[in-house]
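Everything below concerns the one structure shown next.
The values are calculated or read from the model by the stated rules, or taken from the named source; none is laboratory data. Keep in mind that this is a model prediction, so the values were computed, not measured. Here the Cβ is made from the backbone with ideal geometry for all residues, glycine too, and neighbour counts use every protein chain on show.
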Amino acid sequence: MPDGSIIKTAMLEINDLHGFYGESHVLHGVSLEVRQGEVVTLLGRNGAGKTSTMRSIMGIIGRRTGSIRFQGTELIGMAQHKIPRLGIGYVPEERGIFSSLSVDENLTLPPVIKEGGMTVEQIYDLFPNLKGRGTTQGTRLSGGEQQMLAIARILRTGANLILLDEPTEGLAPVIIEQIGVAVRALKARGFTIVLVEQNFRFAATIADRHYVMEEGHVVDMIPNDQLDANMDKLHTYLGV
Amino acid sequence: QVSNDVVRIGVLNDRSGIYADLAGEGSAIAARMAAEEFGGKVAGAPIEIVVADHQNKADIAASKAREWVDTGNVDVIADVPNSAAALAVQGITKEKKRIFLMSGPGATALTGAQCSPYGFHWTYDNYAMAAGTGRALFEQGKKSWYFVTADYAFGQSLEEETTKMVNKLGGKVVGTVRHPLGSSDFSSFLLQAQASKADVIGFANAGGDATNAVKQAAEFGITQSGQSLAGLLLFITDVHALGLSAAQGLMFTEGFYWNLDDQTRDWSKKFEAKAGKKPTMVQAGVYSAVKHYLKAVEAAKTDDSDKVAAKMRELPVEDMFAKKGKVAANGRMFHDMYLVRVKKPGESKGPWDYYDVVKTIPAETAFLDPALSGCPLVK
Amino acid sequence: MTAASQTTNQAAPKTATVALRGPDAGTARTALLFAVGLAVAGAAPFALYPVFVMKVLCFALFACAFNLLIGFAGLLSFGHAAFFGGAAYVTAHSVKVWGLPPEAGLLLGVLAGAFLGLIFGVIAIRRQGIYFAMITLALSQMVFFMALQMKFTGGEDGIQGVPRGVLFGIFDLTQPLTMYYAVLAIFVVGFALIWRTVHSPFGQVLKAIRENEPRAISLGYRTDRYKLVAFVLSASLAGLAGGTKALVFQLASLTDVQWQMSGEVVLMTLLGGMGTLFGPVVGAGLVVTLESYLAATSLPVPVVIGAIFVVCVLLFRRGIVGEILARLPGAR
Amino acid sequence: MFDLLGVPPQALFGQLLLGLINGSFYALLSLGLAVIFGMLNVINFAHGALYMVGAFVAWLLLNYLGLGYWWALFLAPTAVGLIGVVLEKTMLSRLYKLDHLYGLLLTFGLALIFEGAFRHFYGVSGQPYPIPDLLKGGQNLGFMFLPNYRGWVVVSSLIVCFGTWFAIERTRLGAYLRAATENPVLVQAFGINVPVMVSATYAFGVALAGLAGVLAAPIYQVSPLMGSNLIIIVFAVVVIGGMGSILGAILTGLGLGLMEGLTKVFYPEASNIVVFVVMAIVLLIKPAGLFGRER
Amino acid sequence: MTDDIILEARGLTKEFKGFVAVKEVNLQVRRGTIHALIGPNGAGKSTVFNLLTKFLTPTRGQILYKGKDITRAKPADIALMGLVRSFQISAVFPHLSVLENVRVALQRPLGTSFHFWKSESTLHELHQRALELIEDVNLTPWAYHLAAELPYGRKRALEIATTLALDPEVMLLDEPLAGMGHEDIEGTAALIKRVAASRTVLMVEHNLSVVAHLSDTITVLRRGEILAEGPYDVVSRNAQVMEAYMGTGGGAGHA
Ligand SMILES: Nc1ncnc2c1ncn2[C@@H]1O[C@H](COP(=O)(O)OP(=O)(O)OP(=O)(O)O)[C@@H](O)[C@H]1O
Ligand SMILES: Nc1ncnc2c1ncn2[C@@H]1O[C@H](COP(=O)(O)OP(=O)(O)OP(=O)(O)O)[C@@H](O)[C@H]1O
Ligand SMILES: [Mg+2]
Ligand SMILES: [Mg+2]
């Protein structure tokens, strides 16, 4: 559980982050900040660099420069497998369900790193679809069920910063609503959440602030309560 | 009178594969030793030795031989283990009229249907190994045979030659099991052989097949139960590889043994100083063949192949390898062979002291009568 | 069903290898290179040892046939020796024992290659990637054992003293130069056929299959059949190369059906550049030269060959020609 | 040989037992291949060569350090495993992002190097390796004479095989392994040190080959060529079993050993190709192999 | 009116090791309409889709295409009969140019696809038609680029052009808009509308506003069974559908 003394301090600070896939330079100086207990979204068109930002945090991009600090610890230069152990959980865009593992094995795969994660019971309450499917091969689940599983397995680990890349993609509206509920519940329990979304109407229902990305850097930051005032601007950014 | 003012001897053999130990660099050393005995010169021209690795590939052997003859001024090619390679080289040397001194190969076709006026088969052949062993063992009172045969032309011909000899003498073959080449596990076959209760279990195979078969025979305690094991094509390197405890009691035919007499011991000691191990029959045979060739060149005062070949047939072969050896019309060099039995570990007095010579097989009975060889050169 | 599960895995349609691009380089340049190559090959027997150049040509054709499969259909066959060696036996036997003229012997060799290719193909084609490689390897090992055991192959002695004969009743192949130009002509025909195949309607479909098989299926192509045709074609050409080699060396032996031979042709192609038209030719030239050079040294041949393999795979995946193409401006 | 067609049942039983012994070598080797394939998606062509190296290490230990069989049983697999770590760290690890075929080609080259080097230094005739004193002799089972050593080979390799199977299919470690095969980046992003796990797996897989080498040394000649023919048969075993499961590799290995044993009695000429024939038939009926999953 | 039905499933059932993913589904797609298949996650939409396109074999039931039983046909065969699917994840031939991508689909009717001895230039006669198709999906500026170089949305467009090249009577689209940005969604939806003018389309899609806008008929699946069927207005007011699928926001989740 988050420690009371660092509330309101920056949980994640990114400064002038540059990211590369091989030769291609995709992030051009991203800077942003996420405070303890916040829900923050990254918005932007396809290819704006949202996923790449998340991958940079996890250290699984080709190369990155600049600074990423998590609770004061610099992540750039750190061994890849140590980053999640600091308490960062990542739900990738492509879900990453393992086909050679059963649903149960998928669910219990990420090691629990801190206390305070959800129990398997709580997870089934949140995603009833997963119940009773324990022995099914992971990728045999439907697209949406896979998405649920991908989120569920991170909730188990107790990571206090959770990166969700397009969690609503391919989900039925009812389920999206459920995910909204879940995110608010997590927030209430003190988790910090960074969310990539195309669907900003959904984002508006749960987030505190929105960062807007374009061509590899952050072009704007809009607090949720000023969203209505900035609707036109946002529409131009996102090309709706 | 010597072409290009040099007598160039090409030692062509396997330097990296399965024949590398029994021929390989050792054969080149043996050839050099023969040249040195002539002071490096013959008929006024320097002797030069070139070597090449045919990697056990007939086409590499053929192209190397062709290249040597066409562009390398090589006068004589020596050794060439691996029958396919030797047959290919025989074809080329015949066409190009060059002397070919075969020590490594065993195929009887080399002095049979595929014989050549320029081809000399020196050390052994499959007939001598098979029929010789069959006869010698029969004379030791071992009359019934069971064959463990490698199922391809070579293994079958070994089996056939032995069978012919055993039947001719009045013995009998009680069974045969054919295994594919390159089998590593022989236990099944050995069990069948053991059940046959034959006097002799004959291994009509070679190389790794033969050594694995012998080794596993020891494991299954076959010799203890009274049956004899006979190898139909084994070399001293195989015995060395097996170790005496696995190979003890095994019988087979050899064309040469370093520990036969003072002459062989003497030469082998010199060889060992250069090669680091005792010579095999193939290597000793290369020495003898090259030496005989040089003698013939000396006598003919030319390296003209026809003249030298005639001289080689005319002169007796007399050296530490062959006593009163004689080259027959088909190119077969007749010399005595030896039936050997592998010593028990306790009996061996030192490294490479492996054999008891059970019997000397006289040249006349050791090899196939040239008249029966099917060689067109024999009238 | 196969395809259903494949669709779920199509996130990144597989391009067989990074090296497998290049074939689209300009036709004009290809033609120019080809003309230069032809001129060089025409003059070669006067400068080099003809048997050596013939050997290079045989292996070059073999490697090109192999490359047709790996480079343009994305299938790695580790059993091509079976077609090469099998055809060599058939050609050698038909010319020597049945007394057929060389052209008929070669034709039978090609048919033998095609036939074996068909059998291998039917068994292996349904599997991709490494499975395909392993299956072809295993099947070719079976052919090896059969070659060893069958009577007509002469076991480990091989078929020796194969007469070269008179091609079409006109060209006396016992003349070294006539033989040479006959081999060159065979190579050119084989090479041209491969070039044509790559740039044909069939070649287009093949490329599409290599790029994204489930998609090709959904467009109505029975992809297995296309792959099978490519496989048989490649096997036939390998057979042509093997038969020619049997005539050049006047022998057919186990060497040609051994799995090491399959490895060698992979090396030639890899070294020269997979998926490039000329790469296999260059690779074959280098490997044959190297082997004949190594034969006269005391270096252990397999170690050197193995080391080249490792170096190619680690540092040099595009191969020589592939590397040149990649660096040439405008070529990609 | 035809008189064998009416083989008495006990003799048949004896042959089956012998088949089982070969089968345990196949199982041990195909298991190693399957583990490596499962994790690295590499077909380890060098497997046969490393099996040979295992046997040679045993021989070298005996001849140069005087360390006998029981030491070798532990030290040789360790040595081969270390070689594996080096190979994986310096070479294989550069290929994971590429087509799997490159792994096959690389290890093919490595196999040539190993085999060639040992050939160069130790010749090809092979070296003798004695059966350890403790296991000399044999049991007369009535229908056959079973050398103690062969009994030991069957028992010990079965134990190793099923131990491995259990570790991979029934433990958490196994789940990590399987997951990392599919998506190493993601598993890494869960906080698991994948590169180390990959190296360890490769090392373990080749150590199994090394172990098989030590077990084989007293039965076969310790020769540089001992692995090169075996490996192709093991490939066929693996294709028949289907790469899907570890258990498949083990069971198919044993089964084909038995099958080969029977062929040696009824039609010995075909005993080398029976495995390939079975492979062809299985593939025609079940393209993914007996235990394989379509990918 | 049965001859109006171009594609029909009768009692279609699919079980996976005891788990029934699709249960007794009777589906009728009328010629010339856009028919959408929606439903909560795991309802069996993709499974139905895969059954109809022969990428899965049904446990029970029958599939009729133009009155002919195609239950046992192979995927490549049904494509030849004019029933063509798209893939959920974009399916192009990455290292062929856009033109070649389309041409591959066009070349089969020439009957020369096995002709390895013919020149590639025999295919040039197809270029005009290919370029027309490319024009249709607004890819003309990209015609000579490699497909791999296209942005995601354009790849989808290319895929549709390729599919159209087969001149299919029925197109089956699996989540054609998934993963697209807002700017691409509208364009692609319009494209679907355009190409559907002369053929039949069956699609699986979660984007309700698009579904509402495009489709003539909607079938809602739940737990493998049909829950409701009809035009959008009817279906979206069905209480069960609202509960099982749309949620309280009535599908507002999507832009
Ligand atoms: N593995 C990769 N190699 C090369 N370039 C990449 C790779 N992954 C992404 N890119 C490029 O990096 C840029 C940013 O991509 P990123 O995936 O971060 O975008 P995104 O904002 O997440 O978009 P989307 O909404 O489509 O998920 C894009 O131009 C993309 O093409
Ligand atoms: N091969 C399979 N083995 C076992 N269960 C399967 C298999 N394929 C699908 N299922 C199950 O069948 C059900 C229907 O899956 P399907 O993929 O058709 O759902 P869907 O309606 O497309 O859902 P989504 O909108 O999430 O993609 C799901 O519960 C899924 O887990
Ligand atoms: Mg993204
Ligand atoms: Mg779906």
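Quick look at the values:
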item: Count - residues of the stretch B:160-198 that are of a type in the set (S, T, Y) and at the interface with chain D (Cβ under 7 Å from one of its Cβ atoms); result: 5
item: Helices (runs of 4 or more DSSP H) within the stretch D:7-117 that include 1 or more residues modelled with pLDDT of 85 or more and within 21 Å of C:I305 (Cα to Cα); result: D:47-60, D:69-90
item: Given (1) more than 18 Å from the chain's Cα centre (by Cα); (2) closer than 30 Å to B:G17 by Cβ; (3) surrounded by 15 or more Cβ atoms within 10 Å (Cβ to Cβ), number of the condition D:H100 does not satisfy; result: (2)
item: Extreme residue, farthest from B:A296 (Cα to Cα), among residues of the stretch B:34-59 that are hydrophobic (A, V, I, L, M, F, W, C) and more than 8 Å from chain C (Cβ to nearest Cβ); result: B:I49
item: Residue tally, condition within 7 Å of chain C (Cβ to nearest Cβ), farther than 18 Å from C:L219 by Cα and not small (G, A, S), over the stretch E:116-133; result: 5
item: Output for the stretch A:24-41, where each listed residue is within 14 Å of another protein chain (Cβ to nearest Cβ) and either in contact (Cβ under 8 Å) with a residue 12 or more places away in the chain or away from ligand 3 (no atom under 16 Å from the Cβ) (or both); result: A:V26
item: Residue within the stretch A:95-110 that is within 16 Å of ligand 3 (Cβ to nearest atom) and closer than 16 Å to D:A189 by Cβ present; result: yes
item: Breaking point among (1) at pLDDT 85 or above; (2) within 7 Å of another protein chain (Cβ to nearest Cβ), for E:A36; result: (2)
item: Residue in the stretch C:142-159 that is modelled with the lowest pLDDT, counting only those that are assigned to a loop (DSSP other than H, G, I, E, B) and within 7 Å of another protein chain (Cβ to nearest Cβ); result: C:G154
item: Residue within the stretch B:88-98 that is part of a loop (DSSP other than H, G, I, E, B), of a type outside the set (A, V, I, L, M), more than 7 Å from chain C (Cβ to nearest Cβ) and farther than 25 Å from C:V56 by Cα present; result: yes
item: Count of residues meeting criterion [within 12 Å of another protein chain (Cβ to nearest Cβ), touching a residue at least 24 places away in the same chain (Cβ under 8 Å) and not charged (D, E, K, R)] in the stretch D:142-172; result: 6
item: The listed residue being closer than 20 Å to A:M11 by Cβ, at pLDDT 80 or above, in contact with a helix residue (DSSP H, G or I) (Cβ under 8 Å, 6 or more places away or on another chain) and away from ligand 3 (no atom under 16 Å from the Cβ), out of A:A188, A:A152, A:A159; result: A:A159
item: Odd one out for D:I113, checked against (1) over 17 Å from D:Y202 (Cα atoms); (2) buried (at least 24 other Cβ atoms within 10 Å of the Cβ); (3) facing chain C (nearest Cβ under 10 Å); result: (2)
item: Residue that is farthest from the other protein chains (Cβ to nearest Cβ), among those in the stretch B:199-212 that are assigned to a loop (DSSP other than H, G, I, E, B) and under 18 Å from B:P105 (Cα atoms); result: B:N205
item: Scope the stretch C:101-141; condition in contact (Cβ under 8 Å) with a residue 12 or more places away in the chain, more than 12 Å from chain D (Cβ to nearest Cβ) and of a type in the set (A, V, I, L, M); matching residues; result: C:L106, C:L108, C:V110, C:L111, C:A112, C:A114, C:L116, C:L118
item: Selected residue (criterion: farthest from ligand 4 (Cβ to nearest atom)) from residues of the stretch E:39-49 that are outside any loop (DSSP other than H, G, I, E, B), out of contact with any Phe, Trp or Tyr (no Cβ under 9 Å at 6 or more places or on another chain) and within 11 Å of chain A (Cβ to nearest Cβ); result: E:K45
item: Qualifying residue in the stretch A:61-78 (condition: closer than 30 Å to E:R156 by Cβ, part of a helix (DSSP H, G or I) and more than 16 Å from ligand 2 (Cβ to nearest atom)); result: no
item: Hey, D:T90 of a type in the set (S, T, N, Q) and either away from every other protein chain (no Cβ under 11 Å) or more than 18 Å from the chain's Cα centre (by Cα) (or both) or not; result: yes
item: Residue that is surrounded by the most Cβ atoms within 10 Å (Cβ to Cβ), among those in the stretch A:68-101 that are small (G, A, S) and more than 9 Å from chain D (Cβ to nearest Cβ); result: A:G87
item: From A:E115, A:E94, residue being within 16 Å of ligand 1 (Cβ to nearest atom) and assigned to a loop (DSSP other than H, G, I, E, B); result: A:E94
item: Number of the condition not met by D:S125 [criteria: (1) in contact (Cβ under 8 Å) with a residue 40 or more places away in the chain; (2) surrounded by fewer than 23 Cβ atoms within 10 Å (Cβ to Cβ)]; result: (2)
item: Per-region count, the stretch A:129-168, residues at negative phi, within 13 Å of the chain's Cα centre (by Cα) and not in a helix (DSSP H, G or I); result: 9
item: Qualifying residue in the stretch D:229-240 (condition: part of a helix (DSSP H, G or I), over 27 Å from D:G54 (Cβ atoms) and at pLDDT 80 or above); result: no
item: Helices (runs of 4 or more DSSP H) wholly inside the stretch E:145-237 that include at least 2 residues being within 10 Å of another protein chain (Cβ to nearest Cβ); result: E:152-165, E:182-195
item: From the options B:A62, B:A31, residue that is facing chain C (nearest Cβ under 8 Å) and crowded, with 24+ Cβ neighbours inside 10 Å; result: B:A62
item: Residue in the stretch E:50-63 that is in a helix (DSSP H, G or I), within 14 Å of chain A (Cβ to nearest Cβ), of a type in the set (S, T, N, Q) and surrounded by 23 or more Cβ atoms within 10 Å (Cβ to Cβ) present; result: yes
item: Where a residue in the stretch B:128-144 is under 15 Å from B:R341 (Cα atoms) and free of Cβ contacts under 8 Å to residues at least 40 places away in the same chain and its partner, wherever it lies, is of a type outside the set (S, T, N, Q) and outside any helix (DSSP H, G or I), with Cβ under 7 Å and at least six apart; result: B:F138/B:G171
item: Residue match in the stretch A:196-205 (condition: assigned to a strand (DSSP E or B), within 18 Å of A:G47 (Cβ to Cβ) and modelled with pLDDT of 85 or more); result: yes
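Residue by residue, here is whether (1) modelled with pLDDT of 90 or more; (2) among the small types (G, A, S); (3) part of a loop (DSSP other than H, G, I, E, B) holds:
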site	(1), (2), (3)
B:S268	yes, yes, no
B:A273	yes, yes, no
B:A289	yes, yes, no
B:Y338	yes, no, no
B:K359	no, no, no
